[in-house]
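J.: So that we are looking at the same thing, I have put the structure below in structure tokens.
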Amino acid sequence: QVQLVESGGGLVQAGGSLRLSCAASGSIFSINVMGWYRQAPGKQRELVATITNVHSTNYADSVKGRFTISRDNAKNTVYLQMNSLKPEDTAVYYCNYENYYPKFGSWGQGTQVTVSS
């Protein structure tokens with residue numbers, strides 16, 4: 001399986017920026033998707049952004065134009081650059097790894113992002 005370790009969360013004022021990182025280790029195969037999801041208190045976990053091993057990206061409408069996902073395949077690390085942060089971006093952000101074949105997935109432990117108004 002794959003282990004994921006996130007870093008980079010914290011407290012920031014509205015309009016500020018944060019960069020999240022997620023390092024993967026273990027049984028990493030060449031064809032996979034890595035991504036970020038978030039869960040706010042009392043809400044379901046939701047997609048933020050994903051990126052494939054060939055750097056194809058997908059974003060939630062709520063973060064388009066403000067967040068950028070990227071990855072370094074050599075380091076097995078995915079990043080989430082978050083700009084123009086809003087209080088509604090406050091949530092626990094989780095890193096996700098989905099392997100194409102064999103099919104399996106892994107989650108990180110989560111990192112708190114808090115945006116104050």
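J.: Within region 30-37, is there a residue that is modelled with pLDDT of 95 or more and open to solvent by 60 Å² or more (accessible area, probe 1.4 Å)?
T.: no
J.: Could you count how many residues in region 52-103 are of a type in the set (A, V, I, L, M, F, W, C), over 15 Å from SER7 (Cα atoms) and either touching a helix residue (DSSP H, G or I) at 6+ places or on another chain (Cβ under 6 Å) or not in a loop (DSSP other than H, G, I, E, B) (or both)?
T.: Residues in region 52-103 being of a type in the set (A, V, I, L, M, F, W, C), over 15 Å from SER7 (Cα atoms) and either touching a helix residue (DSSP H, G or I) at 6+ places or on another chain (Cβ under 6 Å) or not in a loop (DSSP other than H, G, I, E, B) (or both): 2 in total.
J.: Which residues, taken from region 104-117, are surrounded by 14 or more Cβ atoms within 10 Å (Cβ to Cβ) and touching a helix residue (DSSP H, G or I) at 6+ places or on another chain (Cβ under 7 Å)?
T.: Once the filter is applied, which keeps residues that are surrounded by 14 or more Cβ atoms within 10 Å (Cβ to Cβ) and touching a helix residue (DSSP H, G or I) at 6+ places or on another chain (Cβ under 7 Å), region 104-117 yields VAL113, VAL115.
J.: Give region 38-78 a look and list any residue that's surrounded by fewer than 19 Cβ atoms within 10 Å (Cβ to Cβ) and under 19 Å from GLY16 (Cβ atoms), or say none.
T.: Scanning region 38-78 gives ALA40, SER62, LYS64, GLY65, ARG66, THR68.
J.: Considering only residues of region 1-29 that are in a loop (DSSP other than H, G, I, E, B) and touching a Leu at 6+ places or on another chain (Cβ under 8 Å), which is least open to solvent (accessible area, probe 1.4 Å)?
T.: GLY16
J.: Here's another thing I want to ask about it. Just to check your reading of the model, which residue among TYR97, TYR101 is open to solvent by less than 70 Å² (accessible area, probe 1.4 Å) and farther than 13 Å from VAL12 by Cβ?
T.: TYR97
The values are calculated or read from the model by the stated rules, or taken from the named source; none is laboratory data. Nothing here was measured: the structure is a model prediction, and the numbers come from that model. No Cβ is skipped: glycine too gets one built from the backbone with ideal geometry, and neighbour counts run over all protein chains shown. The area values use the complete protein model at the heavy-atom level, side chains included, leaving out ligands, DNA and RNA. Shrake-Rupley method; radii C 1.70, N 1.55, O 1.52, S 1.80 Å.
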